[in-house]
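K.L.:
The structure's right below; bear with me while I get my questions together.
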Amino acid sequence: MDSRPTAERLRFSSFDLDANTLYLATPHEGRAAYGRPSWSPDSGSFFFVSDEGKEFLGVSLYDIAGQGSNRVLDFSWDVDTLALSEDGALLLAVINEDGYSKPMLHDAKTLKQIPDIALPPGVTLDAKWSHDSQYLVFSRESDTANTDVWIWSRKENKSWQLVTSPSKVSREVFVESSLVHYPTFDAREIPAFIFVPSHTEGKKIPAIIHIHGGPEWQARPSFNPLIQYLVYRGYAVAVPNVRGSSGYGRTYLALDDREKRMDAVRDLEYLHKALEQRGDIDSKKIALLGGSYGGYMVLAGLAFQPSLWAAGVDIVGIANLTTFLQNTSAWRRALREPEYGYLDKDQEMLRQLSPIYGIENVKAPLFIIHGANDPRVPLSEAEQMAVRLKMIGKEVELLVYPDEGHGLAKLKNRMDAYPKVAAFLDKHLMETAN
């Protein structure tokens, strides 16, 4: 799962037609992220999103004549969607505020905010203005609705849904999350979305911690069918954005780099503590589930915190950071070494951070799912973990899909895998739950 764009992968260049010259529009030092440009009607300038020299992604304006850019709008959260109207009058910046989308409309000339734009709650993506600037069309999703197309009327300040994806499951079945922040070992507050099934009054239920990939990624209140499936089956599901997640600024993003990797794993330990304090969670029946980097976190939790977890589900996860870096695609290695460590100089650190070297500590049963054609995290990562666990008499199951790559892209495979995941979790959490 990719990180957000960085200077190494996305830079703005501009072509001067008169001079027949291509020049770099955003010279800088160090890492920086940039978003897609939005051109002014006269093509004399463009707005774009960047965190160059800043903690958060804000809005900059590049002037072609002056061949320079200025930061024009700063916020306390990242801007993740930017839309300039075709007449150049209106600029919409959608802010990622703790995972939720917050629309902020501005006069594009004065940059003065136009208050109270009524977009529905959830996650707003891919906004586009109509030719007359009277309507805004956008994609929107939430915990209880997958991505659909909406439209906003400027005159009425009202939004309505244009397209509704068909669903054989009643929308009333789906559960909305609650956003919480829990303290971790260094007094930092870690955000997490908590899903709790309805009708659990007076009962303690098992819980699953669902860990996103990346690691430079962010869990948001968007539709996840596996989470909803597990909640429907009676599990509470906690979805944390542990340190290293995107969306919370550059400092937070770097808190798990290289030798700090175990600090992110410790955030899982403190999420367990937070769940222990709830009256509706059976603290002895908490499992880990994650894909890609989230799969690494599952394996790390089971290996380095063995007394905490009742079970683990690893989907295309990393067992050995050294063999992962050696065997992944070359482009992927160049991207991941700054995050995990370098093969030529960090061998001891990579070993210490690799779950395969803590395998003797594993107590919980483990279910591993992997694609045979995975170019990012090769199948050998799953195979070495499964073989070693079986050799020392631990409970492990490996499910390999010969027609999959990095994850479960095909519906038929998801329909096969998810019931098996549920059966595995039921066996180890539900059948012995209080």
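The values are calculated or read from the model by the stated rules, or taken from the named source; none is laboratory data. Everything numeric in this text was worked out from a predicted model, so none of it was measured. FYI the Cβ positions are ideal-geometry reconstructions off the backbone, even for glycines, and counts take in every protein chain you see.
K.L.:
Since LYS273 meets every condition but one in (1) surrounded by 18 or more Cβ atoms within 10 Å (Cβ to Cβ); (2) touching a Phe, Trp or Tyr at 6+ places or on another chain (Cβ under 9 Å); (3) over 20 Å from PRO215 (Cβ atoms), which condition does it not meet?
P.N.:
Of everything listed in (1) surrounded by 18 or more Cβ atoms within 10 Å (Cβ to Cβ); (2) touching a Phe, Trp or Tyr at 6+ places or on another chain (Cβ under 9 Å); (3) over 20 Å from PRO215 (Cβ atoms), LYS273 misses just condition (1).
K.L.:
Could you please find all residues in region 209-238 being β-branched (Val, Ile, Thr) and within 23 Å of LEU411 (Cα to Cα)?
P.N.:
Matches in region 209-238: ILE211, ILE227, VAL231, VAL237.
K.L.:
Run down GLU397, GLU404 and say which single residue is in the same structural domain as VAL231 (by TED's automatic domain parsing), surrounded by fewer than 17 Cβ atoms within 10 Å (Cβ to Cβ), over 18 Å from ILE286 (Cβ atoms) and modelled with pLDDT of 95 or more.
P.N.:
GLU397
K.L.:
Which one of these does GLU397 not meet: (1) within 30 Å of PRO419 (Cβ to Cβ); (2) acidic (Asp, Glu); (3) part of a helix (DSSP H, G or I)?
P.N.:
Every condition holds for GLU397 apart from (3).
K.L.:
To continue, here is another question. Please go through region 98-128 and give me each residue that is among the acidic types (Asp, Glu) and out of contact with any Gly (no Cβ under 9 Å at 6 or more places or on another chain), ordered by number.
P.N.:
ASP107, ASP116, ASP126
K.L.:
Picking from SER76, SER69, which residue would you name as being among the hydroxyl-bearing types (Ser, Thr, Tyr) and part of a loop (DSSP other than H, G, I, E, B)?
P.N.:
Every option except SER76 fails the conditions.
K.L.:
Counting residues that are closer than 19 Å to GLU216 by Cβ and free of Cβ contacts under 8 Å to residues at least 60 places away in the same chain, which helices (runs of 4 or more DSSP H) fully inside region 281-375 reach at least 2?
P.N.:
Once the helices (runs of 4 or more DSSP H) in region 281-375 are filtered for at least 2 residues that are closer than 19 Å to GLU216 by Cβ and free of Cβ contacts under 8 Å to residues at least 60 places away in the same chain, what remains is 293-304, 321-327, 330-340.
K.L.:
Of the conditions (1) touching a Leu at 6+ places or on another chain (Cβ under 9 Å); (2) at pLDDT below 95, ALA264 satisfies every one except a single condition; which number is it?
P.N.:
(2)
K.L.:
If a residue must be farther than 27 Å from LYS394 by Cα and either surrounded by 17 or more Cβ atoms within 10 Å (Cβ to Cβ) or among the small types (Gly, Ala, Ser) (or both), how many such residues does region 338-351 contain?
P.N.:
Residues flagged as farther than 27 Å from LYS394 by Cα and either surrounded by 17 or more Cβ atoms within 10 Å (Cβ to Cβ) or among the small types (Gly, Ala, Ser) (or both) within region 338-351 amount to 4.
K.L.:
Out of THR26, THR81, I need the residue that is over 29 Å from PRO191 (Cβ atoms), modelled with pLDDT under 95 and either part of a loop (DSSP other than H, G, I, E, B) or within 23 Å of the chain's Cα centre (by Cα) (or both). Which one?
P.N.:
Details: THR81 fails: over 29 Å from PRO191 (Cβ atoms).
Unique residue meeting the criteria: THR26.
K.L.:
Working only within region 125-142, note down all residues that are within 23 Å of LEU226 (Cβ to Cβ) and either free of Cβ contacts under 8 Å to residues at least 40 places away in the same chain or crowded, with 16+ Cβ neighbours inside 10 Å (or both).
P.N.:
Across region 125-142, the qualifying residues are SER139, ARG140, GLU141, SER142.
K.L.:
Working only within region 229-240, note down all residues that are surrounded by fewer than 24 Cβ atoms within 10 Å (Cβ to Cβ) and not β-branched (Val, Ile, Thr).
P.N.:
The answer is TYR229, TYR232, ARG233, GLY234.
K.L.:
Would you check if VAL316 is surrounded by 14 or more Cβ atoms within 10 Å (Cβ to Cβ), under 11 Å from ARG376 (Cα atoms), modelled with pLDDT of 95 or more and not hydroxyl-bearing (Ser, Thr, Tyr)?
P.N.:
Values: surrounded by 14 or more Cβ atoms within 10 Å (Cβ to Cβ): yes; under 11 Å from ARG376 (Cα atoms): yes; modelled with pLDDT of 95 or more: yes; not hydroxyl-bearing (Ser, Thr, Tyr): yes.
The answer is yes for VAL316.
K.L.:
From the residues in region 297-308 that are buried (at least 24 other Cβ atoms within 10 Å of the Cβ) and not small (Gly, Ala, Ser), which one is farthest from LYS427 (Cα to Cα)?
P.N.:
MET297
K.L.:
Quick test for you: out of VAL231, VAL237, pick the one residue that is in a strand (DSSP E or B), closer than 26 Å to ALA422 by Cβ, touching a strand residue (DSSP E or B) at 6+ places or on another chain (Cβ under 6 Å) and among the aliphatic types (A, V, I, L, M). Give the derivation first.
P.N.:
Numbers: VAL231 fails: in a strand (DSSP E or B).
Exactly one of VAL231, VAL237 is in a strand (DSSP E or B), closer than 26 Å to ALA422 by Cβ, touching a strand residue (DSSP E or B) at 6+ places or on another chain (Cβ under 6 Å) and among the aliphatic types (A, V, I, L, M), namely VAL237.
K.L.:
Within region 66-124, which residues are of a type in the set (A, V, I, L, M) and on the phi > 0 side of the Ramachandran plot?
P.N.:
LEU111
K.L.:
While we're looking at this one, here's another question. With (1) among the small types (Gly, Ala, Ser); (2) out of contact with any Ser or Thr (no Cβ under 7 Å at 6 or more places or on another chain); (3) under 27 Å from VAL396 (Cβ atoms) as the list, and SER354 as the residue in question, which single condition is left unmet?
P.N.:
(2)
K.L.:
Given the criterion in contact with a Lys or Arg (Cβ under 6 Å, 6 or more places away or on another chain), among the β-branched types (Val, Ile, Thr) and in the same structural domain as TYR34 (by TED's automatic domain parsing), identify the matching residue among THR81, THR110, THR147, THR124.
P.N.:
Values: THR81 fails: in contact with a Lys or Arg (Cβ under 6 Å, 6 or more places away or on another chain); THR110 fails: in contact with a Lys or Arg (Cβ under 6 Å, 6 or more places away or on another chain); THR147 fails: in contact with a Lys or Arg (Cβ under 6 Å, 6 or more places away or on another chain).
Of THR81, THR110, THR147, THR124, the one residue that is in contact with a Lys or Arg (Cβ under 6 Å, 6 or more places away or on another chain), among the β-branched types (Val, Ile, Thr) and in the same structural domain as TYR34 (by TED's automatic domain parsing) is THR124.
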